[in-house]
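A.B. asks: Okay, here's the structure, questions in a sec.
The values are calculated or read from the model by the stated rules, or taken from the named source; none is laboratory data. Note that the structure is a prediction, hence the values are computed from the model and not measured. So basically every Cβ, Gly included, is an ideal-geometry build from the backbone, and we count neighbours across all protein chains shown.
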Amino acid sequence: MICRFHEYLLFLWLLGRLKLREISYARGSQVNFNFTIVMAKQSAGILLYRNIHNKLEVLLVFPGGPYFSKKDNGSWTIPKGEFEPTEAPLQAAIRELEEETGYRTNGDFIELTPIKQKGGKIAHCWAHEGNLDETAIISNTFELEWPPASGRRQTYPEIAKAAWFTVEAASLKINERQLPLLEELAQIIGS
């Protein structure tokens, strides 16, 4: 006999949020489950915007490291990063902006509709009016073996560069899954 709890576990399994390691049957109608609940990874970021000569501009960042070095359109992103379930998403977004650009912000934030990235990660985003010098960003770094299997470890900035774009130009530059964030901001603020 399946109870409500087992129906819920089956529902989670169908959503891909539950990994069944073992199902064992005992005498009678008892079923024992050994499972792990897998939560979708989440990230949070800040979409900085400014109004220059009555034109809405947004700040996008370009990833550092060798994987993106020969790319451009579709590779820019909002400054964002993963956070733990115990961290408030907005605080994580503020922290990530500072880690990736060196810019610390506070004040009023506009919560935008979360998006789902290509790999299934949920990205939370807030828009915030601000103005930073994109040529003076200070990014944290990461280490990577490059070229692969060479044994050489190299250090790269997490963010190689930042730039201000009009919403129209940013629409070409930004990762396609993040495009709805630009569209929502343009609707709220007006372009």
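A.B. asks: Show the residue pairs meeting these rules: Cβ distance below 6 Å; 6+ apart or different chains; first residue within the stretch 106-122 and within 17 Å of G81 (Cβ to Cβ); second residue in a loop (DSSP other than H, G, I, E, B).
C.D. replies: That search, which allows pairs on different chains as well, returns G120/A40; K121/K41; I122/A40.
A.B. asks: Among the residues of the stretch 77-95, are any in the same structural domain as F62 (by TED's automatic domain parsing), in a helix (DSSP H, G or I), of a type outside the set (S, T, Y) and closer than 12 Å to L47 by Cβ? Explain how you work it out, then say what you get.
C.D. replies: Kept after step one, since they are in the same structural domain as F62 (by TED's automatic domain parsing), are these residues of the stretch 77-95: 77-95.
Then keep just the ones that are in a helix (DSSP H, G or I); that gives 89-95.
Pick out the ones that are also of a type outside the set (S, T, Y) and you get 89-95.
Those left that are additionally closer than 12 Å to L47 by Cβ: 93.
Checked the stretch 77-95: at least one residue is in the same structural domain as F62 (by TED's automatic domain parsing), in a helix (DSSP H, G or I), of a type outside the set (S, T, Y) and closer than 12 Å to L47 by Cβ.
A.B. asks: Further question on the same structure: Answer yes or no: is there a residue in the stretch 113-123 that is in contact with a Phe, Trp or Tyr (Cβ under 9 Å, 6 or more places away or on another chain), surrounded by 18 or more Cβ atoms within 10 Å (Cβ to Cβ), in the same structural domain as S69 (by TED's automatic domain parsing) and at pLDDT 95 or above. Full working, then the answer.
C.D. replies: We begin by selecting, within the stretch 113-123, every residue in contact with a Phe, Trp or Tyr (Cβ under 9 Å, 6 or more places away or on another chain); these are none.
No: the stretch 113-123 contains no residue that is in contact with a Phe, Trp or Tyr (Cβ under 9 Å, 6 or more places away or on another chain), surrounded by 18 or more Cβ atoms within 10 Å (Cβ to Cβ), in the same structural domain as S69 (by TED's automatic domain parsing) and at pLDDT 95 or above.
A.B. asks: Additional query: Mind listing just one residue for me: the one in the stretch 143-163 that is charged (D, E, K, R) and exposed (fewer than 13 other Cβ atoms within 10 Å of the Cβ) and, of those, nearest to the chain's Cα centre (by Cα)?
C.D. replies: To start, the set of residues in the stretch 143-163 that are charged (D, E, K, R) comprises 143, 145, 152-153, 158, 161.
So of that shortlist, the ones also exposed (fewer than 13 other Cβ atoms within 10 Å of the Cβ) come out as 143, 145, 152-153.
On the way: E143: 20, E145: 24, R152: 29, R153: 26 Å.
Within the stretch 143-163, the match that is nearest to the chain's Cα centre (by Cα) is E143.
A.B. asks: Out of (1) at pLDDT 60 or above; (2) surrounded by fewer than 15 Cβ atoms within 10 Å (Cβ to Cβ), what's the single condition that is false for V61?
C.D. replies: Going through (1) at pLDDT 60 or above; (2) surrounded by fewer than 15 Cβ atoms within 10 Å (Cβ to Cβ) one by one, V61 breaks only (2).
A.B. asks: Out of the residues in the stretch 104-158 that are of a type in the set (D, E, K, R) and outside any strand (DSSP E or B), state the one that is nearest to L185 (Cα to Cα).
C.D. replies: Of everything passing the filter in the stretch 104-158, D108 is nearest to L185 (Cα to Cα).
A.B. asks: Also, quick follow-up: Mind counting the residues in the stretch 159-191 that are part of a strand (DSSP E or B) and aliphatic (A, V, I, L, M)?
C.D. replies: Adding up the residues that qualify gives 5.
A.B. asks: With (1) among the hydroxyl-bearing types (S, T, Y); (2) surrounded by 11 or more Cβ atoms within 10 Å (Cβ to Cβ); (3) at pLDDT below 95 as the list, and T166 as the residue in question, which single condition is left unmet?
C.D. replies: Of everything listed in (1) among the hydroxyl-bearing types (S, T, Y); (2) surrounded by 11 or more Cβ atoms within 10 Å (Cβ to Cβ); (3) at pLDDT below 95, T166 misses just condition (3).
A.B. asks: Right, here's the next one. Which of the residues belonging to the stretch 64-82 are of a type in the set (F, W, Y) and either crowded, with 21+ Cβ neighbours inside 10 Å or in contact with a Lys or Arg (Cβ under 8 Å, 6 or more places away or on another chain) (or both)?
C.D. replies: Step one: filter the stretch 64-82 for residues of a type in the set (F, W, Y), giving 67-68, 76.
Residue satisfying the conditions is W76 alone.
A.B. asks: In the stretch 172-190, what count of residues is obtained for those that are crowded, with 17+ Cβ neighbours inside 10 Å and more than 21 Å from E100 (Cβ to Cβ)?
C.D. replies: So the answer is 2.
A.B. asks: Separate question: Tell me, please, whether a residue that is surrounded by 12 or more Cβ atoms within 10 Å (Cβ to Cβ), among the basic types (K, R) and modelled with pLDDT of 90 or more can be found in the stretch 46-53.
C.D. replies: Yes, the conditions are met somewhere in the stretch 46-53.
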